[in-house]
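These notes concern the structure reproduced below.
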Amino acid sequence: MLYIVATPIGNLEDISARALRVLHEADLIAAEDTRTSGILLKKYEIQTRMTSFHAFSDSRKVDELLALLKDGRNIALITDAGTPGISDPGFLLVKAAREAGIEVCPIPGPSAFLTALSASGLPINHFLYLGFLPQKKGRQTLLKKLQEQEETVVFYESPHRLLKTLQQCVEYFPERTMVVARELTKIHEEFRSGKPAELYDYFSSKTVRGEFVLILAGKDYNANPRAEDRA
Ligand code: SAM
């Protein structure tokens with residue numbers, strides 16, 4: 001059995017009892033970064049053997065894990081933070097396991113984009129998750145397309161690209177409400193809401209540090225911000 005186990009996005013208490021049991025009982029934990037995951041496993045006194053499985057792992061690594069699964073071993077896949085496969089490694093292994101007829105069992109838990117959306121104050125019954133925006137090719141086309149997007153849009157951004165992205169939001173969505181969620185579940189957790197220009201001014205006045213989720217209101221939100229989200 002292949003378990004897809006969500007792990008904390010900052011606060012190490014954010015892990016379910018079931019996830020801890022699965023990690024304890026698995027024959028092997030496939031981790032994106034064994035040193036990062038080692039901190040979590042140490043806290044919960046989990047001594048299961050780890051192997052690394054990251055974005056650059058080739059098909060030989062997938063084959064190696066598949067062979068173990070076919071042999072009846074239980075493997076738990078984890079990443080550095082949040083849900084495997086969400087802007088993280090996982091997809092190819094899950095696909096290969098399913099194609100090989102191996103059972104895949106999800107152990108749900110945190111994901112940064114859902115955590116950010118849940119406390120954003122924007123409508124979230126319908127939303128578009130984009131992961132990281134393309135850095136070059138297709139970026140302008142996508143931003144243009146988002147000008148017509150009715151649903152709330154959520155995406156990830158790295159600290160060193162935050163200001164550039166906010167600047168582009170000023171250009172493409174000057175009147176839209178945005179929320180920047182920083183360092184979720186950690187000591188310096190922060191939610192900042194406003195027009196892109198206000199957010200740009202705020203973040204450019206300090207050293208940009210931490211992990212970020214950006215949320216952009218849908219195109220009609222500002223005309224009718226009290227309208228209830230469609231169920
Ligand atoms: N698999 C993860 C998930 O389920 O959310 C996402 C992994 S992706 C490689 C890492 C990005 O997620 C970071 O660059 C940041 O944009 C976002 N992220 C992860 N943890 C976060 C946190 N505690 N606060 C804000 N954003 C976070």
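The values are calculated or read from the model by the stated rules, or taken from the named source; none is laboratory data. Please read these numbers as outputs of a predicted model, since none were measured by experiment. Here Cβ is always computed from backbone atoms with ideal geometry, including for glycine, and neighbour counts include all displayed protein chains.
At a glance:
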{"read-out": "All positions within region 136-167 that are surrounded by 11 or more Cβ atoms within 10 Å (Cβ to Cβ), in a loop (DSSP other than H, G, I, E, B) and more than 11 Å from the ligand (Cβ to nearest atom)", "value": "138, 149, 150, 151"}
{"read-out": "One residue from 41, 12 being away from the ligand (no atom under 16 Å from the Cβ) and at pLDDT 95 or above", "value": "41"}
{"read-out": "Selection from region 24-51 of residues that are more than 23 Å from residue 14 (Cβ to Cβ) and not β-branched (Val, Ile, Thr)", "value": "27, 28, 49"}
{"read-out": "Every residue from region 15-34 that is more than 16 Å from the ligand (Cβ to nearest atom) and either free of Cβ contacts under 8 Å to residues at least 24 places away in the same chain or touching a Phe, Trp or Tyr at 6+ places or on another chain (Cβ under 6 Å) (or both)", "value": "17, 20, 21, 22, 34"}
{"read-out": "Among the residues listed as 146, 92, the single one being within 27 Å of residue 206 (Cβ to Cβ) and hydrophobic (A, V, I, L, M, F, W, C)", "value": "146"}
